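Working notes, beginning with the structure itself.
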Amino acid sequence: MKKFEIGAKVEVLDEAIKGHILSIDHRSAIIGTIDGFEMEFPLDELIVIKDDALRVSNMEVFHALSEKQSNVKKRSFAKKKKEKYSPAMEVDLHIDKLTNSSKRMTNFDMLNLQLDTARSQLEFAISKRIQRIVFIHGVGEGVLKSELYTLFSRYDGIQYYDANYSEYGLGATEVYIEQRTL
């Protein structure tokens, strides 16, 4: 593996950052990037490059990846701080989740059942001091979503917004209930 020297051209592993070493100590180096920034990186995340092209042997790549993976494993044993994040209560408002058969129900009846369920679950969450609820309503034509927004707007101390897209897609709304001290 190549030794790091002041002025050597380097590239950061797993990032598109190139530059030259400005200063170095036994664990890290400060590099001047091509864009003119000074950034500090651990030596095990840097690799020396020749010219502007990355030219490393397969052996150098293997050693660099092995070194990085061993450092990641060491870090994973450290105690993790608990996040102050309460999981959300989920309420699925799809009609097939609320009733065994919806064959004889009109659209109005189905919408009222969904809204009554949402109202009762919201009241339950407020009474039990649950801070977050996700109402899964689906995409559809947006009728249920707009009716839910009308329902939520009648309550003081709650905020509502689209739920996390990566987790629920477009068909869910998250409600945050502000907790008041008694």
Chain lengthening between THR99 and TYR176 when straightened (0.36 nm per residue, less Cα-Cα): 25.0 nm
In the range 81-182, the GluC sites (Glu not before Pro) that sit in a DSSP loop and have at most 15 other Cβ atoms within 10 Å of their own Cβ are GLU83, GLU141, GLU178
Consider a paramagnetic label point 7 Å from the Cα of ASP162 along Cα→Cβ; state which residues of the range 91-128 have an amide N under 17 Å from it. none
Between the range 1-44 and the range 100-165, what's the alpha-carbon centroid distance in Å? 53 Å
Counting Lys and Arg as +1 and Asp and Glu as -1, what is the net charge of the other residues whose Cβ lies under 14 Å from the Cβ of TYR160? -1
Once amide H atoms are placed 1.01 Å from N in the peptide plane, what residues at a sequence separation of 5 or more from ALA163, or on another chain, have their amide H within under 5 Å of its amide H? ALA172, THR173, GLU174
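Throughout, read-outs are computed from the coordinates displayed, never taken from laboratory work. A quick note: this is a predicted structure, and the numbers were derived from the prediction, not measured. Virtual Cβ from ideal backbone geometry, glycine too; neighbours counted across all protein chains shown.
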